[in-house]
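What follows is a short report on a single structure.
The values are calculated or read from the model by the stated rules, or taken from the named source; none is laboratory data. As the structure is a computational prediction, the values presented were derived from the model and not from experiment. When we count neighbours, we look across all protein chains shown, and the Cβ atoms used for this are built from the backbone with ideal geometry, even at glycine.
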Amino acid sequence: MPTCAALASSANGPKLAARQTLMPGLIDMHTHRQMAGYGYGDRMGRLWLAMGITATRSPGCPAYHMVEDREAIQSGKRIAARHYATGEAIDGGRIFYNFMRPVTEPGQMALELERARALDYDMVKTYVRLRHDVQKQVVGEAHRMGMHLSSHYHYPALHSGMDCMEHTGATNRYGYSRTVTSLGGGYHDVTDLFAAARAGRTPTLFAATALLGEDDEFAKDARIRTLYPSWEYDKLLGRMKAMAGDGGKPMLASLERQVEQIKLMLAAGWHPISGTDAPIDLTAVSLHLNLRGMVRFGISPHDALMMTTRWSGEFLGEPIGRIERGMLADMILVEGDPLKDVNAVARVKKVIANGVVRTPEELIAPFIAARPQARVTPVLPPLAHAHQHFWWHEAEYVESSRAACCAGHAVAHV
């Protein structure tokens, strides 16, 4: 694979103009390309790159779709950010997401882990109904296969050797092991455990969506207008409307409390890694909102950028996130100085992904003249209309569940 040193000696290497900065490509450490991304087609990969994101990590994918996506990207057949991922999350009984793996019978776990090895997972994800004693066994097996393990719990998972927790706080099925209050607050008893364990944590700052109410930069951005499907663009406009004026104040307050937890970890000598949950949150835009939100509430641009470049690469154990000899050639050329103005990271002039240099204009070109061609598919009445009156079929519950993995973080799309 092309490295930074090889690119520097090439005539195709990036040329810097005045007031431009060459920096490592961004890394989004929490995405689910296959959960809400099928409707994007070829747009999603181009969107990541056009917005400066050269690598993504997914802690939950349908396994064979993930393998196809990863191999297509590695072969150069698909234009997209490089992809590190796992298959379906391993769970106990009563799964929430329909593609997860309920492991309830003797011998089943061994089969799941053998598939993880055979399909060359980059990590293993356990979900929220897996017994803690079983999770400890899975941690050991994952480590023996050279994979890191992540879940939604910090206790007792960190004691069992878990490597990373997803979200500042998320789905919980035990009634304890909470890491965040309903208003987004957190305390030393949580952050100090992560620092002591040197464990990863991907905050996924959904509350940073409040910043959309302050300007319409992304709504006007040609990359977003061209590569967002119509429904995603409508969601962006709805978020902007909902967050305008006083509408965004509660979310800003929650964002400030969540950023305070990141500051506590930094003060304790450790650091989180940046992720967004896209495309559950706004694809590509959300990572820039996360960066801006952290800087807004007191984290230096340097530390915010380290979370989404070097520290993420080091956590993965992959040669990405830095510009130096021997690292993979994933870089972006941006207008301005991101260490003085973190907004400059979004002003991408060129993206170098695996040594291939492209401009945002080249990435969006195939879709500039594209028009929607999909027809409305007839939909049968939901089960709730078939006299099966279970509470989980009620319209209010179904609607709230669309963002249920991060309960309390959902924003009405008005």
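Key figures
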item	result
Selection within region 159-181 - hydroxyl-bearing (Ser, Thr, Tyr) and closer than 21 Å to Arg239 by Cβ	Thr168
Breaking point among (1) in a helix (DSSP H, G or I); (2) in contact with a Ser or Thr (Cβ under 8 Å, 6 or more places away or on another chain); (3) of a type in the set (Val, Ile, Thr); (4) modelled with pLDDT under 80, for Val398	(2)
Number of the exception - Lys77 against (1) surrounded by 13 or more Cβ atoms within 10 Å (Cβ to Cβ); (2) within 30 Å of Leu363 (Cα to Cα); (3) not hydroxyl-bearing (Ser, Thr, Tyr)	(1)
Close pairs (6 angstrom Cβ cut-off, 6 or more residues apart or separate chains): among the basic types (Lys, Arg) in region 253-264, buried (at least 18 other Cβ atoms within 10 Å of the Cβ) anywhere	Arg257/Gly184
Any hit, region 299-320, residues being outside any helix (DSSP H, G or I) and under 20 Å from Val180 (Cα atoms)	yes
Asp277 more than 26 Å from Gly60 (Cβ to Cβ) and of a type in the set (Asp, Glu)	no
Strands (runs of 3 or more DSSP E) contained entirely in region 53-132, each with at least 1 residues that are in contact with an Asp or Glu (Cβ under 6 Å, 6 or more places away or on another chain) and touching a residue at least 12 places away in the same chain (Cβ under 8 Å)	53-58, 82-85
Scan of region 133-160 for residues that are farther than 25 Å from Val259 by Cβ, out of contact with any Lys or Arg (no Cβ under 7 Å at 6 or more places or on another chain) and assigned to a loop (DSSP other than H, G, I, E, B), ordered by number	Gly146, Met147, Pro156, His159
Search result, residues across region 321-347 that are under 26 Å from Ala72 (Cβ atoms), in contact with an Asp or Glu (Cβ under 8 Å, 6 or more places away or on another chain) and outside any loop (DSSP other than H, G, I, E, B)	Leu328
Qualifying positions in region 212-241 - crowded, with 19+ Cβ neighbours inside 10 Å and over 27 Å from Leu363 (Cβ atoms)	Gly213
Scope region 132-141; condition of a type in the set (A, V, I, L, M, F, W, C), within 18 Å of Gly107 (Cβ to Cβ) and at pLDDT 95 or above; matching residues	Val138
Residue check for Ser300: surrounded by fewer than 24 Cβ atoms within 10 Å (Cβ to Cβ) and either at pLDDT 95 or above or over 24 Å from Ala197 (Cα atoms) (or both)	yes
Residue match in region 136-150 (condition: out of contact with any helix residue (DSSP H, G or I) (no Cβ under 7 Å at 6 or more places or on another chain), within 30 Å of Lys249 (Cβ to Cβ) and in contact (Cβ under 8 Å) with a residue 40 or more places away in the chain)	no
Criterion: buried (at least 24 other Cβ atoms within 10 Å of the Cβ), within 19 Å of the chain's Cα centre (by Cα) and assigned to a helix (DSSP H, G or I) - qualifying residue of Thr276, Thr204, Thr191, Thr209	Thr209
Search result, residues across region 212-229 that are charged (D, E, K, R), touching a helix residue (DSSP H, G or I) at 6+ places or on another chain (Cβ under 9 Å) and not in a loop (DSSP other than H, G, I, E, B)	Glu217, Arg223, Arg225
